[in-house]
Amino acid sequence: MAADRHVNFFALQKACEKPECPLCTIINERIDRYIDGMLFEHISDRTFRAQYREAGGFCNTHAETLLSYRDGLAVAILGRDTLEDYLADFKKKKLRKRKSMCPACVERMRIEKEFLTFIAEADKTEEGEGENLPDFFTKSDGLCLQHYAMMFKYVKRIPKWLSDFQETKFASLNERVKRFIEFSAWGRQQDFATLSAQDKIVWKELASVLRGQVK
Ligand SMILES: [Zn+2]
Ligand SMILES: [Zn+2]
């Protein structure tokens, strides 16, 4: 395996030990690091500042991380670029067209594509020794719905071990949600009482699978 494949392999292995979608876990960690790096080291990086300025700043989700950022000066320098552009546009009574996307979203999409293709290409025999990717991956909570769906966009052929694992998981969640809805009907209180504690709040599991936990 090439060096970056090793890095991805171990990042994924670690993320699979945590609850929720492993790709969401990786993205949250890496985007934090990305924003940190951008603000801390690259505030003087012309390319990043231009990218950021052209996009009109971060999207709502990523802009939120600036609120609690430790380096106030970096936030001020970046934010002022955006504010000044808007002020100029307001004066002209015409907003400029923005062609670039939030740079943190661009980075998130890059990571998503990289890891989804990496997971799909995992070969059972590649590692030789130790645990292989499908082994630890199928012990995790699996990909959230959005990330699994994204796989269809990036990957030509989703391996059977993965589609079996993911789709069985989603189907069993669907069954539990169906039962939850049925038993929530008027007059079914007795049936509802027979549900396990987890099944009584299965809607929370569904909400987390639908959205992922991604930043
Ligand atoms: Zn996810
Ligand atoms: Zn964003």
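Note on V7 and I181: their simple-model spin labels are 4.4 nm apart, each label 7 Å out from Cα toward Cβ.
Within straight cross-link reach of K92, meaning Cα distance under 18 Å, which aspartates and glutamates are found once same-chain residues fewer than 8 apart are removed? Partners found: E54, D81, E84. Among M101, H62, S172, pick out the residue whose Cα is farthest towards the positive end of the charge dipole of the chain, where Lys and Arg carry +1 and Asp and Glu carry -1 on C-beta, about the Cα centre. Final value for the positive-end residue is M101. Legend: distances between Cα atoms for K14/K99; K113/K160; K94/K153; K14/K204; K18/K200; pairs beyond 26 Å are K14/K99; K94/K153. Region 144-197 and region 48-118 have Cα centres separated by 36 Å. From the Kirkwood radius over Cα pairs of region 103-213, Stokes-Einstein at 20 °C and 1.002 mPa s returns a whole-number translational diffusion coefficient of 132 µm²/s.
Only alpha carbons enter this Debye calculation for region 3-156, each as an equal point scatterer, and the log10 of I(q)/I(0) it gives at q = 0.10, 0.20 Å⁻¹ is -0.47, -1.20.
Applied to region 12-26, the Karplus parametrisation 6.51 cos²θ - 1.76 cosθ + 1.60 on θ = phi - 60° returns per-residue 3J(HN,Hα) values of 5, 4, 5, 5, 5, 7, 9, x, 6, 4, x, 6, 4, 4, 4 Hz, with x for Gly and Pro.
Rounded to whole numbers, the Karplus 3J(HN,Hα) couplings from phi for region 138-143 are 6, 9, 8, 6, x, 6 Hz, using 6.51 cos²θ - 1.76 cosθ + 1.60 with θ = phi - 60°, and x at Gly and Pro. Entry note, region 30-103: relative contact order of 42 percent, from Cα contacts under 8 Å with a spacing of 6+ residues.
With neighbour counts taken as other beta-carbon atoms within 10 Å, the residues M109, M150 rank, fewest first, as M109, M150. Simple point charges give the picture: +1 on the Cβ of Lys and Arg, -1 on the Cβ of Asp and Glu, and for region 1-131 a dipole about the Cα centre of about 1300 debye.
For the chain, taking a cut-off of 4.7 Å between Cβ atoms, the unpaired cysteines are C16. The HN-Hα couplings worked out from phi for region 172-184 by the Karplus form 6.51 cos²θ - 1.76 cosθ + 1.60 (θ = phi - 60°) are 6, 4, 4, 4, 5, 5, 4, 5, 4, 5, 4, 6, 7 Hz, whole numbers, x standing for Gly and Pro. Across the alpha-carbon atoms of region 1-89, the computed radius of gyration and Dmax are 16.2, 51 angstrom. When peptides 83-95, 151-163, 11-23 are sorted by average Cβ neighbour count within 10 Å, with the highest value leading, the order is 11-23, 151-163, 83-95.
Close amide H contacts of E20 (hydrogens built in the peptide plane, cut-off under 5 Å, sequence separation of 5 or more or a different chain): D141.
Quick note: the coordinates plus some simple rules give every number you see, no bench work behind them. Note that the structure is predicted; figures quoted are calculated from it, not measured. Don't worry about glycine lacking a Cβ; one is built from the backbone with ideal geometry, like all the others, and counts go over all protein chains shown.
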